[in-house]
Ligand code: OAD
């Protein structure tokens, strides 16, 4: 085993990153934590420590109580709109400019990657600023948010719902296919700020490993991916990513 100090390890990682042919980055809530947006599973501040996903993030929850779910997402939308992209988001936007073949997949619905300048983002779990018809799943753009009660689709009368993917729902097929294909064919895969617990997103790193990519994890805490990653940086995305550039 060769042991590097932190700076030397990051230098070697940077070298490998720029030598790679095709790079895929998967982000989770942790990359937005330094922007003040709570993660889901942090034991103290995570959203799922205070709220139950069954009551708020499933189609059944919305059927039972559309206003409760609508209001909770309106509160989160307000929070992410007030947040600013951090150095981690900015570093990934810069990486997109520098690398020829770069794919960013995010589980986040907060648009902070796009606001930092990332142009090509595969939004695995949708986007909280969008509104869908709850029956047809088509995007509805006629509403000026915020609205205090869920409005109705002007075509079919069904309630409008947040444009995110809930537990038990399918990932939009084009995003699913593009993310899978990129993970299969990349030679450098970085998992950042995700607990690697929610599938199919967590499966992307497994696909990358199976197809021979060099897999890196950036997270202050260990996850189920940690023992399998080739390189683990135990740190905060906003501090580590600018140094990787
Ligand atoms: P989690 O809340 O499950 O995990 C966040 C991860 O970020 C944890 O592993 C933290 O250790 C790490 N973390 C915290 N601060 C960090 C920092 N500054 N830099 C880097 N990492 C940091 O969030 P996700 O993995 O994104 O889905 O959750 C996956 C999905 O579960 C979400 O998209 C959401 C949620 O329920 C749905 O709502 C469908």
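Please treat every number below as a calculation from the coordinates, not as lab data. Bear in mind the structure is a predicted one, so any value in this text is a computation, not a measurement. In this analysis, Cβ positions are derived from the backbone assuming ideal geometry, glycine residues included, and neighbour counts consider all displayed protein chains.
Descriptive notes on the structure:
- Shown for 188, 211: other C-beta atoms within 10 Å of each C-beta, ranked fewest to most, produce the order 211, 188.
- Prolate/oblate/rounded label for the chain (Cα gyration tensor, a/c 1.5): prolate
- A Förster radius of 25 Å combined with the Cβ-Cβ distance from residue 119 to residue 184 puts the calculated FRET efficiency at roughly 0.65.
- With contacts taken as Cα pairs under 8 Å and at least 6 residues apart, the chain reaches a relative contact order of 23 percent.
- Global form of region 1-133, assessed from the alpha-carbon gyration tensor, a/c cut-off 1.5: prolate
- Largest GNM mean-square fluctuation among 213, 74, 158, using the chain with Cα springs under 10 Å: 158.
- At full extension, residue 221 and residue 43 could sit 62.9 nm farther apart than now, given 0.36 nm per residue minus the alpha carbon distance.
- Value at 222 nm in deg cm²/dmol, rounded to 500, when DSSP H runs of n ≥ 4 in the chain each add -39,500 (n - 2.57): -11000 deg cm²/dmol
- Global form of region 113-244, assessed from the alpha-carbon gyration tensor, a/c cut-off 1.5: prolate
- The protection proxy used here, the mean number of other Cβ atoms lying within 10 Å of each residue, ranks peptides 237-245, 143-151 as follows, highest first: 237-245, 143-151.
- Note on region 1-66: along the principal axes its Cα atoms extend 54, 29, 26 Å, ordered by decreasing extent.
- When both region 75-129 and region 34-49 are represented by their alpha-carbon centers, they are found 18 Å apart.
- Antiparallel bridge percentage (DSSP; both residues within the chain; nearest 5): 20
- For the pair residue 19 and residue 50 in one chain, pulling the backbone fully straight at 0.36 nm per residue adds 6.8 nm over the alpha carbon distance.
- Additional length obtainable on full extension of the chain from residue 60 to residue 8, 0.36 nm per residue less Cα span: 13.7 nm
- Only alpha carbons enter this Debye calculation for region 187-232, each as an equal point scatterer, and the log10 of I(q)/I(0) it gives at q = 0.16, 0.19, 0.21, 0.26 Å⁻¹ is -0.33, -0.47, -0.58, -0.91.
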